[in-house]
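Following: one structure in structure tokens, then a few remarks.
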Amino acid sequence: MSPRSAGLPDPRIPAGPIAEAWRRTRDGLPLISPLRKRQLQVLVVGSGLAGASAAATLAEQGYRVKLVTFHDSPRRAHSVAAQGGINAAKNYANDGDSIERLFADTLKGGDFRAREAGCHRLAEISGGIIDQCVAQGVPFAREYGGTLANRNFGGSLVSRTFYARGQTGQQLLYGAYQALMRQVAAGQVELLTRRDMLELVTVDGVARGIVCRHLLTGALETHTAHAVLLASGGYSNVYYLSTNALKSNASGIWAAHRQGALFANPCFTQIHPTCIPSGDAFQSKLTLMSESLRNDGRVWLPAKRDDPRAAAAIPEAERDYFLERQYPAYGNMVPRDVASRRARELCNGGQGVGPGGRSVYLDFNDAIADHGRATIAARYGNLFEMYERITGDDPMAGPMRIYPAPHYTMGGLWVDYHLMSSIPGLFVLGEANFSEHGANRLGASALMQGLADGYFIAPATVTAWLAGHPTPEIAPDHPACREAEARAHGRLQALLAAGGSQPVDGFHRELGHLMIEYCGISRCAEGLQTGLKQVAHLEARFHQEVRVPGEATGPNGELEKALRVADFFSLAQLMLRDALAREESCGAHFREEHQTPEGEALRDDGSFAHIAAWQYQPGSGEPTQPAPAAEPVRYSEPLEFTLMQPSTRNYR
């Protein structure tokens, strides 16, 4: 195992047995008196599950909390779109589940590219999350006798996923939202809506606030605090077409990265296997179909290439249930990276169906025959309705057509075991951090991680930080705040003054095409090098040719998009560099040069059993300049394994 790179902060992994690490750490953290908490300000950016739960919990403890969101209501955060469920090691199905099994599935599912201690902590906390949400009134599905129902999700052989039909994220967010609004009503939380974070304020290297733009007035505002929590989500919209909401962006984490926060494993991005295929070249987003559908739906393709027949005309003997054939132990419930890769391979080989051969079938005919229409409708009715509204086809009458699409990002800002970034005082929660999912997230684990961070981990570790680092309040006219405001103002004016003629969306769409081609389901060295050159060229064109109409004052949707796309250009190049540097295949990072004879990912544990953490290099490549960015510095944090040794993932 290689030593930790010089310059990388201490990840603060607890010594001793992993199974007791979080309890020992939590019990040893310093505390702050309720009186003192009332004198301290905490700033939370993002109102999804991680942000809303953290703000509500910290306010309940007595802190003065500001919550900043670019939505008009926290209920619009993208967490609301999560469908299938949330994992927890409760063993209600009495099928052999346990904390240790959830830990093992998470570590293995991420292809051994995550910290053991973090994966185990997540499994430990999972049961408490369900208890918390039930107490809030989250309407989880229940069995006839009243016990909470569970179903299976990809990458596991047990049923541990709690769900609220196909609206689990919405219901969990409503639970966190009501806890948050209780604190707003009590005066403990100041809710600042329609604010877009543009810059991070640091004083003597410590995070002390943010600069944001009011989306209605255009005014730049500075908000300061004793600690900053960033929970702004992931960056799948770098691909343009993704399952993320249109306004989901990376600007918050990229602003922190520009100020010195390390960015970890940016190339670890997940392509979800069950999404409604794109309809035309001008479509602006894609729609997820929950992984839970694969519990009853069977994935298949015609056995013959270029088969023009409709699904109903293809007899059973001429169908290829390829996941069941290739992975008999897990069948259709293999992890997402595996299912996506296999679907794409067969479609590229000529077996695909639908326009352009870019779809596979997800068929519920056998499940309907076995259980009846009413039972299947009760399980998935809202998902079926969504599919029919979008496509015009009834999935009860014929199979769905699905295809992989960008969905989730395992990469994000580097954090230590306490969720603190490499900038002291800046904590990063949920999908915004590089998480506990390694190179591939298992289905139904995103909600688990977001709520674990917000309800349980950050409230303990933020308190410990504040107890050990007393800092005076700073005013918005502090020199560091004025400097951050000047940076934000300069970026706005540069984009407005570009003087080109091309709309922002055209550049974003072209960037997305490049990224899905060269840094999507599979990657290779030649393609990544080509991608780097083409993205850099496109970025230069963007700064020269983009047209951003309107002014900085007042609402300006095109200016908002331009700011986000400018950040996406820089992030895209970091993703390509990271994928090029990681000369192995692991999880969702599939390098075509590194695969087994069976076409599975081939890891290189000797050279790459580490977290890659990238340091931004200022001086060139600023968002207001068309010049190429300076070469970032790559650090590595070695991964240690004690409870479970790395092994080849085998889902066959």
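Descriptive notes on the structure:
- Residue count for the range 50-67, restricted to those that are under 13 Å from LEU230 (Cβ atoms) and touching a Phe, Trp or Tyr at 6+ places or on another chain (Cβ under 7 Å): 0.
- Residues in the range 392-427 that are closer than 30 Å to PHE364 by Cβ and open to solvent by 20 Å² or more (accessible area, probe 1.4 Å): 10 in all.
- Residues within the range 515-551 that are under 24 Å from GLN493 (Cβ atoms) and either at pLDDT below 95 or open to solvent by less than 20 Å² (accessible area, probe 1.4 Å) (or both), tallied: 5
- Subset of the range 157-202 [open to solvent by 30 Å² or more (accessible area, probe 1.4 Å) and assigned to a strand (DSSP E or B)]: SER159, GLU190, LEU191, ARG195, THR202
- Just one of (1) without any contact (Cβ under 8 Å) to a residue 60 or more places away in the chain; (2) open to solvent by 20 Å² or more (accessible area, probe 1.4 Å) fails for GLN573. It is (2).
- Pick from the range 318-340, criterion of a type in the set (A, V, I, L, M, F, W, C) and open to solvent by 10 Å² or more (accessible area, probe 1.4 Å), ranking: nearest to the chain's Cα centre (by Cα): MET333
- Filtering ALA566, ALA630, ALA540, ALA552 for residues that are over 26 Å from the mean Cα position of the chain (by Cα), part of a helix (DSSP H, G or I) and either more than 26 Å from SER5 (Cα to Cα) or among the small types (Gly, Ala, Ser) (or both) leaves a single hit, ALA540.
- Among the residues of this structure, ARG491 counts as one that is farther than 22 Å from PRO424 by Cα and surrounded by 15 or more Cβ atoms within 10 Å (Cβ to Cβ).
- Among the residues of the range 139-178, those identified as closer than 26 Å to LEU323 by Cβ and in contact with a Phe, Trp or Tyr (Cβ under 6 Å, 6 or more places away or on another chain) are ALA141, ASN150, THR161, PHE162.
- Tally, over the range 636-652, of residues that are open to solvent by 40 Å² or more (accessible area, probe 1.4 Å) and basic (Lys, Arg): 1
- Evaluation of SER284 against (1) at pLDDT below 95; (2) farther than 30 Å from LEU413 by Cα (one fails), failing number: (2)
- Any hit, the range 370-380, residues being surrounded by 13 or more Cβ atoms within 10 Å (Cβ to Cβ), among the basic types (Lys, Arg) and more than 26 Å from ALA164 (Cβ to Cβ): no
- In the range 10-51, residue nearest to GLY175 (Cα to Cα) [restricted to those that are of a type in the set (Lys, Arg) and open to solvent by less than 80 Å² (accessible area, probe 1.4 Å)]: LYS37
- Selection within the range 341-369 - buried (at least 20 other Cβ atoms within 10 Å of the Cβ) and basic (Lys, Arg): ARG341, ARG342, ARG344
- Flag for ARG294 being in contact (Cβ under 8 Å) with a residue 40 or more places away in the chain and either within 30 Å of VAL158 (Cβ to Cβ) or part of a strand (DSSP E or B) (or both): yes
- Taking the criterion of being open to solvent by less than 10 Å² (accessible area, probe 1.4 Å) and in a helix (DSSP H, G or I), the residues of the range 428-458 that qualify are GLY430, ALA432, MET448, GLN449, GLY450, LEU451, ALA452, ASP453, GLY454, ILE457, ALA458.
- Taken together, the residues in the range 67-83 that are under 16 Å from the mean Cα position of the chain (by Cα) and open to solvent by 10 Å² or more (accessible area, probe 1.4 Å) amount to 6.
- Among residues of the range 54-66 that are open to solvent by 10 Å² or more (accessible area, probe 1.4 Å), those with a beta-carbon under 8 Å from a residue that is of a type in the set (Ser, Thr, Tyr) at least six positions away or on a different chain give the pairs THR57/TYR455; GLN61/THR463.
- Residues (under 18 Å from ALA93 (Cα atoms) and either hydrophobic (A, V, I, L, M, F, W, C) or crowded, with 24+ Cβ neighbours inside 10 Å (or both)) located in the range 114-147: ALA123, SER126, ILE129, ILE130, VAL134, PHE140, ALA141
- Enumeration of residues in the range 245-276 that are part of a loop (DSSP other than H, G, I, E, B) and either assigned by TED's automatic domain parsing to the domain that holds GLY520 or open to solvent by less than 10 Å² (accessible area, probe 1.4 Å) (or both): ALA250, ALA261, LEU262, ASN265, PRO266, CYS267, PHE268
- GLY209 vs. criteria open to solvent by less than 20 Å² (accessible area, probe 1.4 Å) and not assigned by TED's automatic domain parsing to the domain that holds ALA281: yes
- Residue match in the range 360-367 (condition: out of contact with any Lys or Arg (no Cβ under 7 Å at 6 or more places or on another chain), part of a helix (DSSP H, G or I) and acidic (Asp, Glu)): no
- Lone unmet requirement of (1) part of a loop (DSSP other than H, G, I, E, B); (2) within 15 Å of TYR455 (Cα to Cα); (3) of a type in the set (A, V, I, L, M) for ALA93: (2)
- For the range 383-422, a residue qualifies if it is of a type outside the set (Asp, Glu) and over 24 Å from the mean Cα position of the chain (by Cα), and the qualifying residues are PHE384, ARG389, ILE390, THR391, GLY392, PRO395, MET396, ALA397, GLY398, PRO399, MET400, ARG401.
The values are calculated or read from the model by the stated rules, or taken from the named source; none is laboratory data. This is a predicted model, so every value here is computed, not measured. A quick note on method: Cβ atoms are made from the backbone with ideal geometry, for glycine too, and the neighbour counts reach across all protein chains shown. SASA here: full protein model, heavy atoms, side chains in, ligands and nucleic acids out. Shrake-Rupley method; radii C 1.70, N 1.55, O 1.52, S 1.80 Å.
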